[in-house]
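Since every read-out is calculated from the coordinates, none of them should be taken as a lab result. Keep in mind that this is a model prediction, so the values were computed, not measured. Using ideal geometry, Cβ is built from the backbone for each residue, glycine included, and neighbour counts are taken over all protein chains shown.
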Amino acid sequence: MLNNLRLHSVLWAVTGLLALVAAVTGVAVPGIYAGVVSSELVPGAFSQDLISIVASVGLISVALAGGREQAKGQIIALGLLGYLFYAFGIYVIERTYNGFYLVYLAIFSLSFWALIAAGASLQRDFRAPELPRSLRLISASGALLQPMIFYPLWIGMLLPLMSSGNQIDSLYSIFILDLCFIMPGFLLLAILAYRSRPLGMLLLPALYVLGFALIFSLALGELVKPLFGLDTNIQSFWTSLVLSVFFGVLGALHLLRLELTAGPGQPAQRAAHQRHTGSTSRR
C-alpha cells in the first residue's frame, strides 16, 4: 500500500518509542502532571497514557514487521499515529510544561509528518479496494454522524465564549483538534466512501481506530477516577463506552471485509511478470 515502507517503519518506530517512554512515565509517575494539569483532569491523563502504551506497542510492532506487514496492518498503523497525534497534541496545546514537554512536541510533530508522508507515499497503482455496498454505506454513515454531532456541539459551546471573550483554562485543545483535523477527516472520508472512491474505503478504518482509542480512554478515565479520590460519572462512562464500541465494531467490520488486491506495481506482481517475461524470452 505504501511506497518506501522502510522509511515509514523507521518513523513509526521512533514515534512509538518516544510515546511509549512518555506514556509509561505518566502511568508510573502520575505526579509529573501535578501543577500543570488540574486535579480533576489527572485521571483523564492517566487513562490516556494507558491507551497510549497500547497504541505505541502496536505501532512499534507494525514497524518492526516492516515489509512483511500487509496493507491492513499499515491502515491500523495510520490510525494509531492519528491517535498519538491527538493524544499528545492535547498535552502540547494545553501547555503541559513538565519535564516531558519537548518529548510531547516531538511525538506531536513526528506523528503529523508521518501521516503526511504516508499520504504522499500511497501507491498509485494499487487497485481499488472492494467492500460490500451495504457495509460501505453503513461505514460511511457512521463516519458522517461524527461531524453532524460534534460540529454543532462544539460550535455551540464556542459561541458564548466568543460573545463574552472568555478564555477557558483547559480542554480548549479539543475544539482545535476536533474542528480543524478530526471532523474534517471524518467528513471527507465519509463522502469519498459514499462515492466508492478508493481513498475513502481505504482510510476510513484508520479513523475508526483513532476514534475507538480516544473515546475508550474517556470511558477508562471514568473508571480510574476513584484512584484519585474522585467520583465516577456513570452516565459519562456508559456514553463513552457505547461510542467507543460503535467505533470499534464499524472499524473492525470495515477492515475485515475490505478486499485489497495488489496492482501491477506490487512486488509479488512484478516478480510474476518478470518470470513470465523471462520464460517468454527463453522460448
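The listed peptides 156-165, 44-53, ordered by packing as a protection proxy, come out as 44-53, 156-165 (highest mean of other Cβ atoms within 10 Å first). A dipole drawn for the chain from +1 and -1 charges on Cβ atoms has a positive end, and of 165, 73, 184 the residue lying farthest that way is 73.
In plain terms, the chain from residue 95 to residue 249 could stretch by 52.0 nm, reckoned as 0.36 nm per residue minus the Cα-Cα distance. Across region 1-152, the convex hull enclosing all Cα atoms gives 132 Å³ per residue.
Relative to the dominant Cα principal axis of the chain, helix 198-224 is inclined by about 30°. For residue 166 and residue 122, the difference between the fully extended length at 0.36 nm per residue and the C-alpha to C-alpha distance is 11.5 nm. Entry note, the chain: the mean residue ellipticity at 222 nm calculated from DSSP H runs of n ≥ 4, each adding -39500 (n - 2.57), is -25500 deg cm²/dmol after division by the residues and rounding to the nearest 500. A protection proxy built from the mean count of other Cβ atoms within 10 Å ranks the segments 182-191, 13-22, most packed first, as 13-22, 182-191. To test your reading of the geometry: what angle, between 0 and 90 degrees and rounded to tens, separates the Cα axis of helix 71-93 from the longest principal axis of the chain? Long axis of 71-93 versus the principal axis of the chain: about 30 degrees. Take 224-236, 106-118 and order them by the average number of nearby Cβ atoms within 10 Å per residue, most first; the result is 106-118, 224-236. Inverting the pair-averaged 1/r between distinct Cα atoms of the chain gives 20.2 Å as its Kirkwood hydrodynamic radius.
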